[in-house]
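Visitor: Below is the structure I would like to discuss, written out as structure tokens.
The values are calculated or read from the model by the stated rules, or taken from the named source; none is laboratory data. The structure presented is a predicted model; accordingly, all values stated were derived computationally and were not measured. Ideal geometry is used to build each Cβ from the backbone, glycine not excepted, and the neighbour counts take in all protein chains shown. Note: accessible area is taken over every heavy atom of the protein model, side chains too, but ligands, DNA and RNA are not part of it. Shrake-Rupley method; radii C 1.70, N 1.55, O 1.52, S 1.80 Å.
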Amino acid sequence: MSKANQIQAPKGVSEYLPPQSRKFESVRHALLEPAKSAGYELIELPVFEDTELFTRGVGESTDVVSKEMYTFEDRGGRSITLRPEGTAGVMRAVIEHGLDRGQLPVKLYYSGPFFRAERPQAGRYRQFYQVGIEAIGIQDAALDAEVIAIADAGFKSIGLKKYRLEITSLGDSASRAKHRVELVKFIEKLNLDEATRTRASINPLRLFDDKRDEIKDQMASAPLLLDFLSAESLKDFEDVQKHLKALKIDYIINPRMVRGLDYYTGTTFEFVHELLGAQSGIGGGGRYDGLMAQLGGQELSGIGFGLGIDRCVLAADAEGISFDQEFTSDLFIIPLGDESKSRALTVAQELQNAGFRVEISFGDRALKGSMKAADKSNAEYVLVLGDSEISSGTVELKQMSTGKTSSVTLTSLKDYLRSVSGK
RNA sequence: GUGGGCGUAGCUCAGCUGGUAGAGCACCCGGUUGUGGUCCGGGAUGUCGCGGGUUCGAGCCCCGUCGCUCACCCCA
């Protein structure tokens with residue numbers, strides 16, 4: 001098999017094959033459960049949207065929109081983009097279908113693939129998976145705290161320990177405007193290369209996030225947005241912290257935190273894992289005041305988060321967390337001879353319908369080979385189904401862990417399995 | 001878009017200063033009739049990423065190219 005002209009997966013996509021895929025499933029489940037427990041409901045949306053949704057919602061000045069979108073023209077000449085993040089799409093659906101006309105807040109959760117045309121690296125993929133929630137329509141520091149708590153509960157439920165929560169507040173627009181003037185003045189005096197200066201002119205906050213030492217050193221004395229918060233914004237931020245303390249959720253204030261999406265205002269947060277490489281953010285989110293209106297809806301505030309399933313899987317690996325749900329079947333049926341195959345299928349069907357996990361040995365391998373297959377499948381019990389069993393109606397059920405066999409009639413098989421498995 | 005590392009069997013890798021390819025795991029068959037795990041014996045599998053060059057001879061050297069990977073920008 002030559003690899004030269006083999007079709008490969010597109011560059012930079014994350015794929016989960018068994019048995020690794022079990023981890024993915026467990027992680028997604030763990031991240032989703034806390035949201036359900038808090039009364040959030042599923043919203044399932046398309047993975048592609050009108051391009052304008054993102055240019056208007058996420059912001060033209062962001063890297064996500066300016067250089068990382070998968071955009072193409074569909075057959076009707078419309079510009080379509082594979083969703084790079086989840087919030088904009090949720091807002092679109094909420095506005096379009098009037099979900100915000102009922103009781104507030106609207107509480108939604110979702111999970112699925114997202115797409116960004118970036119250069120891939122550890123923990124960064126072109127197709128990646130997120131779990132997200134959005135709570136729309138109520139401005140309340142307690143809600144901010146709940147959203148953060150839901151994310152935290154998800155990570156804890158995976159078993160993650162080596163992560164930290166960083167929070168800050170971007171304040172209201174007046175606070176940000178005041179700070180921006182001072183920050184721009186400060187940056188003008190710095191010694192920066194052309195590319196960095198251009199970046200700063202688009203959004204000066206971005207310089208806080210630069211990883212290069214020469215930039216970090218220069219930015220050490222830069223004016224911080226937190227120091228420019230209005231009394232109202234500050235009170236809100238303190239309330240969020242008060243609630244987090246009540247919830248016993250540890251956090252650190254990171255006044256230099258920058259988020260890549262333009263719509264954030266007020267409370268913003270990020271969960272950072274300590275054992276991952278350069279891409280260490282396992283989740284993040286914040287409040288967005290202007291987004292709904294920006295997209296043509298009411299002036300409603302919202303808050304939400306996106307958690308990276310891929311990165312959580314990597315983090316779980318890094319922490320050595322094992323997902324102990326081994327793939328085990330209750331019963332493995334080995335038919336001997338063509339006549340018995342049909343019978344094996346019907347026996348399996350009946351037991352599967354009764355809630356047991358039952359596998360069949362397919363093909364015409366020797367009994368020994370089938371036994372090995374049964375062994376590998378971790379089946380609890382094995383039964384050989386040949387002519388004599390079918391005519392007598394009685395099978396020898398072998399318990400693999402002990403090697404012991406017991407005679408059971410085919411008609412009582414279900415009851416027998418129930419009694420020994422407790423299912 | 002920019003930079004570093006790496007591309008040898010399904011997987012993990014070995015291959016000394018160039019002499020036409022190996023191990024472990026996994027897989028399949030067998031160790032006398034229809035009962036697994038251990039053990040023993042046997043077996044299949046590679047255009048050594050691709051193309052070109054140097055050489056009597058290249059997996060090993062040179063050039064190009066593609067891919068993977070890590071990092072920068074940025075982000076889940």
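Visitor: For chain A, modelled as a Gaussian network with Cα springs under 10 Å, which listed residue fluctuates most, A:ASP227, A:ASP338, A:ASP144?
Guide: The residue that fluctuates most here is A:ASP338.
Visitor: Another question, if that's okay. Kirkwood hydrodynamic radius, chain A, all distinct C-alpha pairs: what's the number in Å?
Guide: When all Cα pairs of chain A are included, the Kirkwood radius is 25.0 Å.
Visitor: Region A:242-360: percent of C-alpha pairs farther apart than 20 Å?
Guide: 67
Visitor: A follow-up question, please. Can you list the HN-Hα couplings for region A:265-278, worked out from phi with the Karplus curve (6.51, -1.76, 1.60; θ = phi - 60°), rounded to whole Hz and with x for Gly and Pro?
Guide: Each residue's phi maps through the Karplus curve to give 9, x, 4, 9, 8, 8, 9, 10, 8, 8, 9, 8, x, 5 Hz.
Visitor: Mind ranking A:80-91, A:112-123 by how tightly packed they are, going by the mean number of other C-beta atoms within 10 angstrom, highest first?
Guide: A:80-91, A:112-123
Visitor: Further question on the same structure: Could you pull out every one of the lysines with an alpha carbon less than 19 Å from that of A:LYS404, ignoring same-chain neighbours closer than 8 positions?
Guide: Candidates past the 8-residue exclusion: A:LYS368, A:LYS372, A:LYS376, A:LYS414.
Visitor: Only loop residues by DSSP count here, and only those with at most 10 other Cβ atoms within 10 Å; note down the trypsin sites (Lys or Arg not before Pro) in region A:1-97 that meet that.
Guide: In loop regions of region A:1-97 (DSSP not H, G, I, E or B), the sparsely surrounded trypsin sites (Lys or Arg not before Pro) are A:LYS3, A:LYS11, A:ARG75.
Visitor: Averaged per residue, what accessible surface does region A:331-421 expose to a 1.4 Å probe, in Å²?
Guide: Each residue of region A:331-421 exposes 56 Å² on average to a 1.4 Å probe.
Visitor: While we're looking at this one, here's another question. Loop only by DSSP, 14 or fewer other Cβ within 10 Å of the Cβ. Give me the GluC sites (Glu not before Pro) in region A:1-78 that pass, ordered by residue number.
Guide: Here the sparse-neighbourhood loop sites are A:GLU15, A:GLU44, A:GLU60.
Visitor: Evaluate the relative contact order of region A:331-421 (contact order divided by residue number), counting alpha-carbon pairs under 8 angstrom at least 6 apart; express in whole percent.
Guide: Worked out over region A:331-421, it gives 29 percent.
Visitor: Whole-Hz ³J(HN,Hα) for each residue in region A:125-139, computed from phi via Karplus 6.51 cos²θ - 1.76 cosθ + 1.60 with θ = phi - 60°, x for glycine and proline: what do you get?
Guide: Listing the rounded values in order: 10, 7, 10, 9, 10, 10, 10, x, 9, 9, 10, 10, x, 10, 9 Hz.
Visitor: Please go through region A:120-198 and write out the trypsin sites (Lys or Arg not before Pro) that DSSP classes as loop and that have at most 15 other C-beta atoms within 10 Å.
Guide: Taking region A:120-198 and a limit of 15 other Cβ atoms within 10 Å, the loop trypsin sites (Lys or Arg not before Pro) found are A:LYS161, A:LYS162, A:LYS189.
Visitor: Where nothing but the Cβ of Lys and Arg (+1) and of Asp and Glu (-1) is charged, how large is the charge dipole of region A:331-421 around its Cα centre, in debye to the nearest 20?
Guide: Charge dipole, region A:331-421, about its Cα centre: 300 debye, nearest 20.
Visitor: Toward the positive end of the charge dipole of chain A, about the Cα centre and with charges on Cβ (Lys, Arg +1; Asp, Glu -1), which of A:ALA315, A:VAL27, A:THR51 goes farthest?
Guide: Highest projection toward the positive end goes to A:ALA315.
Visitor: Could I ask something else about it? Taking H as built 1.01 Å from N, whose amide H comes closer than 5 Å to the amide H of A:GLN130, not counting residues under 5 places away?
Guide: Residues meeting the amide H criterion: A:GLY112, A:PHE114, A:ILE309.
Visitor: Along the principal axes of its C-alpha atoms, what lengths does region A:331-421 span, in descending order and rounded to whole Å?
Guide: Projected onto its principal axes, the Cα set of region A:331-421 covers 32, 27, 23 Å.
Visitor: Give the Cα extents of region A:156-274 along the principal axes, in whole Å, largest first.
Guide: Here the spans come out as 45, 33, 24 Å, largest first.
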